[in-house]
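None of the figures in this text is laboratory data; all of them are computed from the coordinates on show. For clarity, every value in this text was computed on a predicted model and none was experimentally measured.
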C-alpha cells in the first residue's frame, strides 16, 4: 500500500513540474511575440550544463538519424 502512495506522490510531482514548465514556456513565448522580433522555440537550452557536456553525443546521433531535409544550420 505504501508503494501506491509513493507512486501517486511521484506522479503528482511530475505533473506539477510539467504544468509549471508549460506555463513558463507559454509566458516566454507571449513575451517574445510582444517584442515583434523573430523568435524560435527550442527544447534545448544550448547554454545549459547538461547540453554542453553531452552535445557531441546528441549531435552525432542527430546527424545520423535525421533525414537530409531536416538538417540545416541549426544542427551545426
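Tabulated results
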quantity: Mean projected area in nm² (Cα convex hull; one quarter of hull surface) for the chain; calculated: 8.0
quantity: With Cα atoms, 0 to 90° folded angle of helix 2-35 axis to the chain main axis; calculated: 40
quantity: Degrees between helix 49-65 axis and first principal axis of the chain (Cα, 0 to 90, nearest 10); calculated: 60
quantity: Residue-span extension gain [residue 56 to residue 68] - 0.36 nm each, minus C-alpha spacing; calculated: 2.4 nm
